[in-house]
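Notes to accompany the following structure.
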Amino acid sequence: MSILIDPPLWPAHGTLFSHVVSDASLDELHEFAAAAGLPARAFDRDHYDVPQRRYEDLVALGATPVSGTELVRRLVASGLRVPARQRPEKLDRILSTRWSQQLPDHPQVGADLLARWSEPHRNYHGRGHLLAVLAAVDLLVAEGEPAGAPPRAVHLAAWFHDAVYQGIAGEDERASAELVRLLLPGAVGDAELEEIRRLVLVTEHHSPSPDDASGRLLCDADLEVLARPWPQYLRYVEEVCRDYAQVSDADFARGRARVVRSLLELDPLYGTGTGRRLWETAARANLARELESLQDGTPVPSSR
């Protein structure tokens, strides 16, 4: 058991609160919370907020008392910490600023897209994913990858690539591409508009041609998540599970296995040299580990 609790030092609602976390997995944290009778509403992305009156009995149930500093250190080391910039109250401001850097004279288009990315049914395919893709594009561009890719078109394609999201593979990408033609006329030239639309469609299969510098840049940024440390990869898989909540467990496992196999069949998985250097080995290890679990009949994570 690796459930941690810090001292009740955080004031709110007329009392003091502690944080309860796991430094191993969110599944473990949720199981402990359910056994302890903690309400679901007490969960805040990577921890449970618990009032002072529950501190002693949670320790008795197995939570290990640690300082606030130690709790944060171990949560960060586990890869389960949700950074402040990924929290909804920060994301809107950060993403609005990023949009203004691309098309400052068209804030209404950015506001429309941000509203779409903020739809309540989204879990993985939400604002956090959008920001992660934009940041990965920045990282690859800063490394000089790939030569010949116009960064603005790629950034705008990132904004549109999951702008329509209903959990229907193929249809979502096509609808997102059509949204480019609906929202961008007058904001960019015709040639750039069609390039953005083309790039959105490339994300359906993540297999751009070797000479498609922009496509390789966008697809690598979109797949950066596959190379994250295993606890963060598990969070990604769990959020994808929630995005497909309308699908039965058995159908989801079969579909997910097909997706994982198709990614493993890409050779290379990442089209840019920097992407391969930074992410290829870790991503293949994560995908292989997940596929082994799916083939054993125990999808990762174990509950949806």
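The values are calculated or read from the model by the stated rules, or taken from the named source; none is laboratory data. The model shown is predicted, which means the values in this text are computed figures rather than measured ones. Glycine also receives a Cβ, built like all others from the backbone with ideal geometry; neighbour counts cover every protein chain displayed. For the accessible areas, the whole protein counts, side chains as well, though only heavy atoms, and no ligand, DNA or RNA atoms are used. Shrake-Rupley method; radii C 1.70, N 1.55, O 1.52, S 1.80 Å.
Of the candidates R242, R197, the single residue that is open to solvent by 20 Å² or more (accessible area, probe 1.4 Å), farther than 25 Å from S293 by Cβ, among the basic types (K, R) and in a helix (DSSP H, G or I) is R197.
Looking only at residues of the range 113-122 that are farther than 16 Å from T203 by Cβ and assigned to a helix (DSSP H, G or I), we find that the one that is least open to solvent (accessible area, probe 1.4 Å) is L114. Counting the residues of the range 35-66 that are over 25 Å from the mean Cα position of the chain (by Cα) and either surrounded by 12 or more Cβ atoms within 10 Å (Cβ to Cβ) or assigned to a helix (DSSP H, G or I) (or both) gives 20. Scanning the range 255-282 for residues that are under 14 Å from C219 (Cα atoms), touching a residue at least 12 places away in the same chain (Cβ under 8 Å) and either touching a Pro at 6+ places or on another chain (Cβ under 9 Å) or among the aliphatic types (A, V, I, L, M) (or both) returns L263, L266, L269, G271, T272, G273, T274, G275, E280. Filtered by the rule that a residue be closer than 18 Å to E119 by Cα and either in a helix (DSSP H, G or I) or modelled with pLDDT of 95 or more (or both), the range 165-176 gives E171, D172, E173, A175, S176. For the range 123-154, a tally of residues being assigned to a helix (DSSP H, G or I) and within 20 Å of the chain's Cα centre (by Cα) returns 15. Taking the listed residues G110, G79, the one that is over 19 Å from P229 (Cα atoms) and surrounded by 13 or more Cβ atoms within 10 Å (Cβ to Cβ) is G110, with no other qualifying. Determine, yes or no, whether W279 is of a type in the set (A, V, I, L, M, F, W, C) and surrounded by 21 or more Cβ atoms within 10 Å (Cβ to Cβ). When the stated conditions are applied, W279 passes them. As for the range 42-59, it holds no residue that is touching a helix residue (DSSP H, G or I) at 6+ places or on another chain (Cβ under 9 Å) and farther than 26 Å from I3 by Cα.
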